[in-house]
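Notes for the one structure printed next.
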Amino acid sequence: MSQRQRREATGTTQTGGKPGSAVMWRGKRFGLPAPQDYPLDAIEAEESGQTLTALRLILGDDQYSTFRTLARTTGDADDFSKAIMRELGRGNR
């Protein structure tokens, strides 16, 4: 079993084994850290209304780059955010 398969089987998305979630959006899988592992800079960016900066900090540069190849409009970004919130909502029940 590969490390990627092991992470998926155990519900972890980070290479370091931290538990998190993943969301499929437009055919791509995006790993998300557990909310308690979000960088504080991301929280501050969100509080300042810098939503895309917060998203970049949470996703990391590689995943954010993938997101930006798929998202061209504010509607796309809103759709992606809703997909993430649906995933996080499931984990908080």
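Would you mind calculating the relative contact order of the range 22-91 from Cα pairs under 8 angstrom and at least 6 residues apart, reporting the percent as a whole number?
Here the relative contact order equals 30 percent.
Which far-off residues, 5 or more places away or on another chain, put their amide H under 5 Å from the one on residue 22, with H placed in the peptide plane?
Counting only residues 5 or more places away or on other chains, the set is 32.
Can you compute 3J(HN,Hα) from phi for each residue in the range 20-32, using the Karplus curve 6.51 cos²θ - 1.76 cosθ + 1.60 with θ = phi - 60°, rounded to whole Hz and x for Gly and Pro?
Karplus-based 3J(HN,Hα) across the range 20-32 equals x, 10, 9, 10, 8, 9, 6, x, 10, 9, 10, x, 10 Hz.
Can you tell me how much longer the chain between residue 28 and residue 46 gets when fully stretched, taken as 0.36 nm per residue apart minus their C-alpha distance, in nm with one decimal?
Residue separation times 0.36 nm, minus the Cα-Cα distance, leaves 4.1 nm.
In nm, what is the difference between 0.36 nm times the number of residues separating residue 73 and residue 36 and their Cα-Cα distance?
Working it through step by step, the gained length comes to 10.4 nm.
Coordinate-derived values only; no laboratory data. Since the model is a prediction, treat every value here as computed from it, not as a measurement.
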